[in-house]
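What follows is one structure encoded as structure tokens, with my remarks underneath.
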Amino acid sequence: MDALIPPSCLLCGAPGSVVCRPCWRALPWLEGCCQLCALPLASGDCCPQCLKQPPPFRASLCLWQYQFPIDRLIRGFKFQQQRAAATLLGRQLGLAFSQSLAQRPLGDWPQALVAVPSHWRRRLLLGQQHSYILARQLARQSGLPLLPALAKIKPSHSQRGLSRRQRQRNLAGSLALRRPVAGAGIVLVDDVMTTTSTARAASQVLLDGGAAWVEVACLARTPELHDQSRQG
């Protein structure tokens with residue numbers, strides 16, 4: 001297909017690759033960040049929110065700040081089913097994840113990957129489960145099993161525009177354990193982390209089910225926590 005229809009940059013339209021080199025260099029790569037929730041930080045190892053209320057997950061792997069132009073790629077992947085964007089984003093997250101594993105002792109490796117689940121109504125609306133697509137790519141590149149351990153048993157309203165407290169209420173009782181995870185180290189996979197409410201809720205369900213620990217892997221982190229803001 002590339003020979004018949006050469007790819008063009010999804011961001012600027014330049015021919016030759018899915019994302020051209022100038023656009024790739026312009027992506028908002030996440031460098032200094034909170035070791036727990038990956039919130040971008042100018043200095044320090046942990047953000048004030050995690051110091052005040054540590055999350056149930058013990059670490060996060062995140063590639064980008066959720067802002068222009070990576071937000072366009074992620075929206076194309078999630079809402080427009082752009083396969084090229086899905087492949088690119090999944091492979092990049094898988095590469096970063098595999099590299100992080102290579103730097104850890106085998107005794108500290110996770111035993112399974114778990115995708116943040118979507119309710120069946122949302123999957124029907126979007127035509128895909130984007131967190132599962134990412135988790136499947138991580139499983140392929142790392143060799144770890146992808147475990148369907150969580151289920152979204154109750155639909156929740158869109159998280160967009162909600163504060164942290166509103167998000168927590170929105171998610172209450174919506175997730176349930178569907179596969180045993182007793183004693184396992186789990187990596188929870190999602191696309192974007194905003195206020196950490198989803199990651200906290202899903203991690204707590206896994207820990208309550210006996211998981212040894214939970215870490216998070218995601219594509220992007222919103223640059224700021226809007227705990228007191230309606231922006232979420």
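Just so you know, all these numbers are worked out from the coordinates, no wet-lab data involved. Please read all numbers here as calculations on a predicted model, not as lab measurements. Glycine gets a Cβ as well: all are built from the backbone with ideal geometry, and neighbour counts include every protein chain shown.
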> By per-residue mean of other Cβ atoms within 10 Å, what is the highest-first order of 12-18, 189-195, 102-108?
Replying inline: 189-195, 12-18, 102-108
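Sort 38-45, 111-118, 86-93 for me by packing, meaning the mean count of neighbouring Cβ atoms within 10 Å per residue, highest on top.
Numbers: 38-45: 15.1, 111-118: 22.5, 86-93: 19.6.
Per-residue mean Cβ counts within 10 Å order the peptides as 111-118, 86-93, 38-45.
Quick one: grab the alpha carbon gyration tensor of region 27-221, order the square roots of its eigenvalues as a ≥ b ≥ c, and give me rounded if a/c is under 1.5, else prolate or oblate depending on whether a/b is larger than b/c. Could you put the intermediate results ahead of the total?
Numbers: a/c = 1.08, a/b = 1.02, b/c = 1.06.
Since a/c stays below 1.5, the shape of region 27-221 is classed as rounded.
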>> Counting only other residues whose beta carbon sits under 13 Å from that of Val216, what net charge do I get with K and R as +1, D and E as -1?
In response: 0
> Is any residue of region 134-154 close enough, with backbone N under 20 Å, to a label point placed 7 angstrom from the Cα of Arg178 along the Cα-Cβ axis, and if so, which?
Replying inline: 134-140, 145-154
>> What distance in nm separates the two pseudo spin-label positions at Asp108 and Trp24, each 7 Å out from Cα along the beta-carbon direction?
In response: 3.0
